[in-house]
1. How about the stretch 67-115: which of its residues are over 14 Å from the mean Cα position of the chain (by Cα) and part of a strand (DSSP E or B)?
2. Among (1) closer than 19 Å to ILE110 by Cβ; (2) under 14 Å from the mean Cα position of the chain (by Cα); (3) of a type in the set (A, V, I, L, M), where does ILE30 come up short?
3. Name the single residue that is modelled with the lowest pLDDT among those in the stretch 1-32 being in a loop (DSSP other than H, G, I, E, B) and open to solvent by less than 30 Å² (accessible area, probe 1.4 Å).
4. Please verify whether SER76 is of a type in the set (Ser, Thr, Tyr), open to solvent by 40 Å² or more (accessible area, probe 1.4 Å) and farther than 18 Å from LEU5 by Cβ, treating the condition exactly as stated.
5. Filter the stretch 83-115 for residues that are open to solvent by 50 Å² or more (accessible area, probe 1.4 Å), within 15 Å of VAL9 (Cα to Cα) and in contact (Cβ under 8 Å) with a residue 40 or more places away in the chain and give the result.
6. Report yes if some residue within the stretch 42-49 is under 21 Å from HIS105 (Cα atoms) and charged (D, E, K, R); otherwise report no.
7. Looking at this structure, is ASP64 within 14 Å of the chain's Cα centre (by Cα) and surrounded by fewer than 17 Cβ atoms within 10 Å (Cβ to Cβ)?
Amino acid sequence: MVDFLVWGVTGDEPRPEFPDAYRARHRAAIAAGGYPRPGDVVPHGGELFAVISGVAFNADDDLDVVWAAPLGEDDSVSISRVTSLPKHQLPAPVGQVRNLDGVRHTARWILTGEQ
């Protein structure tokens with residue numbers, strides 16, 4: 001389960017253990033785009049959220065959520081408040097978080113203990 005969570009946050013490719021046909025379809029979805037990307041700022045429920053889940057997770061048609069963290073007053077992203085948002089109900093992004101690497105690194109460290 002931890003491997004899946006880490007892939008969800010940092011994965012840019014489909015999971016290698018998936019069947020070849022699935023991975024091919026998944027890579028085509030990644031290439032096509034049209035889904036929230038890491039760092040996108042999206043409105044939901046009167047708040048702004050930064051999408052933190054990875055490209056592969058967000059492009060997976062079998063998953064109907066993205067992982068996101070609400071933006072603070074100073075446009076900071078708090079990893080402690082990560083939640084899931086309904087991917088297919090989100091409006092177009094209204095901005096982009098410029099330095100999401102630190103948040104994704106912190107999430108990986110929390111999940112695995114790896115620095």
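1. Hits for the stretch 67-115 are LEU71, GLY95.
2. Looking at each condition in turn, ILE30 falls short on (1).
3. Ranking the candidates gives GLY11 first.
4. Judged against the criteria, SER76 is a match.
5. Answer for the stretch 83-115, where residues must be open to solvent by 50 Å² or more (accessible area, probe 1.4 Å), within 15 Å of VAL9 (Cα to Cα) and in contact (Cβ under 8 Å) with a residue 40 or more places away in the chain: ARG108, LEU111, THR112.
6. no
7. Against the criterion (within 14 Å of the chain's Cα centre (by Cα) and surrounded by fewer than 17 Cβ atoms within 10 Å (Cβ to Cβ)), ASP64 qualifies.
The values are calculated or read from the model by the stated rules, or taken from the named source; none is laboratory data. Treat the numbers as computed from the prediction; the structure is a model and nothing was measured. With ideal geometry, Cβ positions are generated from the backbone for all residues, glycine too; neighbour counts draw on all protein chains shown. Surface areas here come from the heavy atoms of the whole protein model, side chains and all, with no ligands, DNA or RNA. Shrake-Rupley method; radii C 1.70, N 1.55, O 1.52, S 1.80 Å.
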